[in-house]
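Accompanying notes for the structure given below.
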Amino acid sequence: MRVNTGDLPWGGRLALSYAHDRQGKWKGWGKQVQDQVNAKYIQTIGEGATSTTFIDLIDRREDDYLDTSLAKLRVYGWQFDNIPTFALAEQLATLTQNGGTPPAPYVNADDSVYQGGGVRRDLLGYEKLAYELSPNISGFTTGYIHLDKGIGTYADPYDPTPAAFGGSPLSVSANRYSIDRKGVISRLTLRARNHQITGGLWYEHNAFDQANYLYGLQAGVTPRNFQHFYTNPFQTTYSNQYRTDTVQLDISDTWQATDQLRLNAGIKGVSSTNTAHSIVSRKPIDGSIKAENWFLPTLGGLYTMDAHNEFFGDYTRNMAAFVASTSAGPFSSSSQAGFNYIRGNLKPEMTNTFEAGYRFHDRALQLSLTGYYVKFTNRLLASSISATIVGNQNVLQNVGSVSSRGVEAAANWRISSTWSAYGSWAYNDATYDDNVQPLGGAVVATKGKQVVASPKNVGNAELNYDDGTLWGGVSAHYRSRRYYTYLNDAILPGAVNVNLTAGYRINRRFELQANVLNLFDAHYIASTGTAGFVTSDPGGTYTTLQAAAPRQVFVTARAHF
């Protein structure tokens with residue numbers, strides 16, 4: 001539901017919206033629940049200033065779909081998910097810990113879990129002041145805050161609950177986190193003859209706390225509500241604090257050199273400092289690491305040949321800051337020695353992107369053709385070493401580059417006043433440029449291999465109809481095969497997904513719409529890499545996939561007042 005006030009007597013405008021969502025899962029058991037409230041208020045201040053205030057609140061609780069593997073799909077089928085009862089989950093957990101033959105249909109006692117999911121509560125707010133300092137100078141300043149409290153849970157069959165905490169052979173393994181981000185963005189634009197010069201500043205402080213706890217479950221008692229913020233853990237696995245301070249400066253000029261030629265050039269600089277502090281950890285890590293580059297240029301041009309044809313091209317260089325968390329980035333090293341070893345010579349990932357293309361448009365037809373080349377350098381990969389540092393440590397290292405070359409084409413055709421068609425095709429040849437030798441390990445022959453989770457071909461086709469009263473359309477999405485292993489020995493076949501939409505406008509205020517997703521009820525892999533990627537998995541046993549949902553039908557009724 002959304003309410004807009006229109007212009008209020010004092011010149012302000014207010015919009016309020018609320019979404020209430022309750023969904024069951026299409027396989028397994030559980031539900032996904034979300035409530036969201038948004039509010040936006042715009043107020044003119046004097047002659048040349050406008051204030052915008054925005055707040056967004058989200059409360060979400062969800063039971064997840066379990067990750068699967070190619071081997072599990074072969075053995076259990078596409079509907080396999082949670083363990084159906086708590087009693088069976090306790091039986092399988094006991095077998096996991098002590099050995100024994102699991103009951104049918106389970107091949108291994110830990111092939112599934114009883115439940116997994118999480119709770120998340122977000123508050124996002126900002127205050128934006130847009131201003132006109134003169135007829136040729138305008139800008140805005142935005143201050144924002146994002147508070148997030150979350151917990152991710154799963155029924156752990158490996159760590160039984162102590163008798164004093166309930167005695168179940170299961171426990172709740174919970175990753176808890178909190179985010180407190182505050183920042184400011186400010187930009188100024190100067191218009192001078194054929195130039196538009198824009199400069200900006202972004203600063204953010206991000207306080208991220210991450211911890212893992214084990215909570216007890218009562219033996220023989222089915223949990224009433226598995227997804228909630230638990231208290232009183234019987235074990236703290238780790239508890240870490242991370243702080244990230246980011247500063248970005250940029251300036252650019254867009255120059256209308258002639259009536260037909262527009263050029264733009266700019267430069268950006270970024271400095272991001274990550275700091276870690278371990279509160280509870282078997283192998284604590286304290287320290288900081290910085291990713292910094294003050295020369296990240298961009299160049300581009302647009303040539304308008306006539307009212308229908310234009311050519312464009314651009315180049316951009318960019319840098320990715322390091323990730324600050326326990327599970328990824330430099331602080332995922334297994335020890336202080338491992339972190340100290342890498343922080344002096346670890347380089348942030350960089351990209352250099354070249355793009356050029358052609359566009360055509362008239363009243364009935366729009367066409368575009370784009371070619372690109374992306375060079376991705378200083379690729380980061382976690383590896384395990386034992387030669388340089390005593391013990392078996394997880395260490396991040398730069399392992400070479402990735403080259404991506406591709407072509408994208410799209411066309412939109414207004415066939416008549418009621419019919420239209422759209423089609424697009426993208427070809428992307430993304431490969432690793434180097435073999436990888438993990439520190440202390442053997443060479444992994446990744447050179448020339450296709451980048452994981454990256455299909456070479458993606459296509460879309462749509463046919464739509466709209467006469468003002470009836471509307472509808474059919475769309476098809478194609479994706480060619482992908483891999484989730486760096487050696488490309490685990491193949492995810494290509495797939496086509498077809499969707500159907502139909503609607504009826506009863507009058508200006510009421511309308512009905514029906515959507516059919518996955519019209520032909522196709523089986524295919526929707527997501528890959530949900531638990532990361534591995535070097536090799538010829539048997540298809542690595543659990544890092546999500547199966548696509550079967551045919552689903554949604555009916556929507558809208559009323560406008």
Toy charge model, Lys and Arg Cβ at +1, Asp and Glu Cβ at -1: segment 229-340 dipole around Cα centroid in debye, rounded to 20, equals 760
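Please find the FRET efficiency linking Gln256 to Phe354, where r is the Cβ-Cβ separation and R0 is fixed at 25 Å, and quote it to the nearest 0.05.
0.60
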Going fewest to most other Cβ atoms within 10 Å around each Cβ, Val37, Val534, Val113 line up as Val37, Val534, Val113
Placing each pseudo-label 7 Å from Cα in the direction of the beta carbon, Ile137 and Ala71 end up separated by a distance in nanometres of 6.7
Any trypsin sites (Lys or Arg not before Pro) in segment 215-291 that lie in a DSSP loop and have at most 11 other Cβ atoms within 10 Å would be Arg224, Arg282
Loop-resident trypsin sites (Lys or Arg not before Pro) in segment 448-517 with no more than 11 other Cβ atoms inside 10 Å, DSSP not H/G/I/E/B, are Arg508, Arg509
Length gained if Asp148 through Tyr504 is fully extended, taking 0.36 nm per residue and subtracting the Cα-Cα distance, is 124.2 nm
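Just want to confirm a number: the relative contact order over the chain, from Cα pairs under 8 angstrom separated by 6+ residues, in percent. It would help to have the intermediate numbers written out before the result.
Working: 1503 pairs, mean separation 41.1, N = 561.
Reported as a whole number, the value is 7 percent.
Would you please name the chymotrypsin sites (Phe, Trp or Tyr not before Pro) within segment 486-559 that are DSSP coil residues with at most 13 other C-beta atoms within 10 Å of their C-beta?
Phe520
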Options (1) 65, 28, 20; (2) 38, 28, 22; (3) 42, 33, 29 for semi-axes √(5λ) of the Cα gyration tensor in Å; the value derived from the coordinates is listed as (3)
Sorted largest first, the Cα spans of segment 402-536 on the principal axes come out in Å as 71, 28, 24
For the pair His205 and Arg120, the simple spin-label estimate (label points 7 Å beyond Cα toward Cβ) gives in nm 2.5
Measuring from the longest principal axis of the C-alpha atoms of the chain, the long axis of helix 86-98 (C-alpha) lies at a number of degrees, nearest 10, equal to 60
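At 222 nm, what value in deg cm²/dmol follows for the chain if DSSP H runs of at least 4 each add -39500 (n - 2.57) and the sum is divided by all its residues, to the nearest 500?
-1500 deg cm²/dmol
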For the pair Tyr158 and Lys290, the simple spin-label estimate (label points 7 Å beyond Cα toward Cβ) gives in nm 3.8
With +1 on the Cβ of every Lys and Arg and -1 on the Cβ of every Asp and Glu, the dipole magnitude of the chain about its Cα centre, in debye rounded to the nearest 20, is 140
So Ala15 and Ala410, fully extended at 0.36 nm per residue minus their Cα-Cα distance, gain in nm 138.6 nm
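Mind sorting Asp466, Asp64 by how few other Cβ atoms lie within 10 Å of their own Cβ, fewest first?
So the residues, fewest neighbours to most, are Asp466, Asp64.
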Contact order relative to length for segment 248-368, counting C-alpha pairs under 8 Å separated by 6 or more residues, stands in percent at 21
A chain fully extended from Phe234 to Lys375 at 0.36 nm per residue, minus the present Cα-Cα distance, gains in nm 45.9 nm
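Values in this text are rule-based calculations from the coordinates and carry no lab data. These figures come from a predicted structure and were not determined experimentally. Backbone-built Cβ (ideal geometry, glycine too); neighbour counts: all protein chains shown.
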